[in-house]
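A.B. asks: Sharing a structure here in structure tokens format.
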Amino acid sequence: MRLICKSGDLMENHSKKIIEYFTNLDRSKFMAYNKEFAKYDSAFSIGYGQTISQPSLVLEMTLLLDLKPDFKILEIGTGSGYQTALLSPFVKSVYTVERIKELHDEAVKRLNILNYINIYFKLGDGSFGWEEFAPYDRIIVTAACSVIPKELLDQLKNGGKMVIPLGTAIMQKLTVVEKDKNGEIKLNQIENVQFVRLIGKYD
Ligand code: SAH
């Protein structure tokens, strides 16, 4: 009982640090347009038909991942790099994949200028994950999927978790996918969300 309380306290402390970092993270640095709206809890265009997600959802998805300092994370949909920047300080490394070259290039430049050093970038279809560095402790997908890409499930460690919006182009359920130590999969649907589509092998 005491142990459970202790680890609960630790977890709460860890979440507090993430919330504190999130609160101080200047979102306008990740926006090329609409910078004056950065403080609003809404999604905004980042060009190329894509959006930077609303901050509260970025924080929620980060907390759902239950991060630990030695974790290796795979993120699909780098976009502006805002979500990537929130993950980076709390894990060992973040591998992030974006399919639009201009967004990829901007995010690489931006996150380098901001001195994030444990982020690895790839340009390509993230439906295939990033096999070379698999398996991952956690996977986060920031674009809407009609199904869970098999490649992503395969690249998730046993005991790992994936946070992914699953559904139609119009509405998705934010879903936590847990892979237990035997490789069994369990889904937990959290709430309705709206993301741009994951374009590629499974669209
Ligand atoms: N997390 C981002 C949100 C980006 S929106 C942020 O905080 O800014 C979703 C992103 O997923 C877009 O940049 C889009 O280009 C990208 N995307 C869509 N399909 C993809 C795919 N198959 N592989 C990699 N990225 C993809």
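A.B. asks: Give, rounded to the nearest 20 debye, the magnitude of the charge dipole that region 85-164 has about its Cα centre when Lys and Arg contribute +1 at Cβ and Asp and Glu contribute -1 at Cβ.
C.D. replies: 240 debye
A.B. asks: What FRET efficiency would be calculated for the residue pair Lys17, Gln194, taking the C-beta separation as r and a Förster radius of 22 Å, to the nearest 0.05?
C.D. replies: For Lys17 and Gln194, the calculated efficiency is 0.15.
A.B. asks: Sticking with this one: Provide the percentage of antiparallel DSSP beta bridges, counting only those with both residues in the chain; round to the nearest 5.
C.D. replies: 45 percent
A.B. asks: Name the long-range amide H neighbours of Tyr120: under 5 Å, sequence gap of 5 or more, or other chain; modelled H, no Pro or chain starts.
C.D. replies: Counting only residues 5 or more places away or on other chains, the set is Val94, Tyr95, Thr96.
A.B. asks: Take Tyr40 and Asn158, extend 7 Å from each Cα along the Cα→Cβ direction, and tell me the distance between the two endpoints in nm.
C.D. replies: So the two model labels end up 4.9 nm from each other.
A.B. asks: Quick one: grab the alpha carbon gyration tensor of region 78-144, order the square roots of its eigenvalues as a ≥ b ≥ c, and give me rounded if a/c is under 1.5, else prolate or oblate depending on whether a/b is larger than b/c.
C.D. replies: Judged from the Cα gyration tensor, region 78-144 comes out oblate (a/c at least 1.5, b/c at or above a/b).
A.B. asks: Select from Gln155, Cys145, Tyr116 the residue farthest towards the positive end of the dipole of region 108-170; place +1 on Cβ of Lys and Arg, -1 on Cβ of Asp and Glu, and compute about the Cα centre.
C.D. replies: Tyr116
A.B. asks: If you count the DSSP beta bridges with both ends in region 85-203, what percent of them are antiparallel, to the nearest 5?
C.D. replies: The answer is about 60 percent antiparallel.
A.B. asks: Once a ≥ b ≥ c are taken as the square roots of the eigenvalues of the Cα gyration tensor of region 23-107, is the result rounded (a/c under 1.5), prolate (a/b larger than b/c) or oblate (a/b not larger than b/c)?
C.D. replies: Oblate, since a/c reaches 1.5 and b/c is not below a/b.
A.B. asks: What is the distance in Å between the Cα centres of region 40-113 and region 137-203?
C.D. replies: Result: 16 Å between the Cα centres.
A.B. asks: Mean residue ellipticity at 222 nm from the helices of the chain, using -39,500 (n - 2.57) per DSSP H segment of n ≥ 4 over the full residue count, to the nearest 500 deg cm²/dmol?
C.D. replies: -8500 deg cm²/dmol
A.B. asks: Could you check the simple spin-label distance between Lys101 and Ile170, using points 7 Å along Cα→Cβ, in nm with one decimal?
C.D. replies: Rounded to a tenth, the inter-label distance reads 3.6 nm.
A.B. asks: Please compute the length gained on full extension between Lys201 and Asn24, using 0.36 nm multiplied by the number of residues separating them and subtracting their Cα-Cα distance.
C.D. replies: Residue separation times 0.36 nm, minus the Cα-Cα distance, leaves 60.0 nm.
A.B. asks: Ok, one more. Label the chain by shape, choosing from rounded, prolate and oblate, from the square roots a ≥ b ≥ c of the eigenvalues of the Cα gyration tensor; if a/c is under 1.5 it is rounded, and otherwise prolate applies when a/b is larger than b/c, oblate when it is not.
C.D. replies: Cα axes put the chain in the rounded bin.
A.B. asks: Using unit Cβ charges (K, R positive; D, E negative) and no other charged atoms, how large, in debye to the nearest 20, is the dipole of the chain about its Cα centre?
C.D. replies: 260 debye
A.B. asks: Follow-up question, since we're still on this one. Which lysines have a Cα less than 28 Å from the Cα of Lys179, not counting those fewer than 8 places away in the same chain?
C.D. replies: Reachable lysines: Lys6, Lys16, Lys17, Lys68, Lys72, Lys92, Lys122, Lys150, Lys157, Lys161, Lys201.
A.B. asks: Provide the net charge surrounding Ala107, with neighbours chosen by a C-beta distance below 13 Å and charges set as Lys +1, Arg +1, Asp -1, Glu -1.
C.D. replies: Value of the local net charge: +1.
A.B. asks: What residue among Ile185, Gln50, Ile18 has its Cα farthest toward the positive end of the dipole of the chain, where the charges are +1 on Lys, Arg and -1 on Asp, Glu, each on the Cβ?
C.D. replies: Farthest towards the positive end: Ile18.
FYI, it's all coordinate maths here, none of it is from the lab. Since this is a predicted model, take the numbers as computed values, not measurements. With ideal geometry, Cβ positions are generated from the backbone for all residues, glycine too; neighbour counts draw on all protein chains shown.
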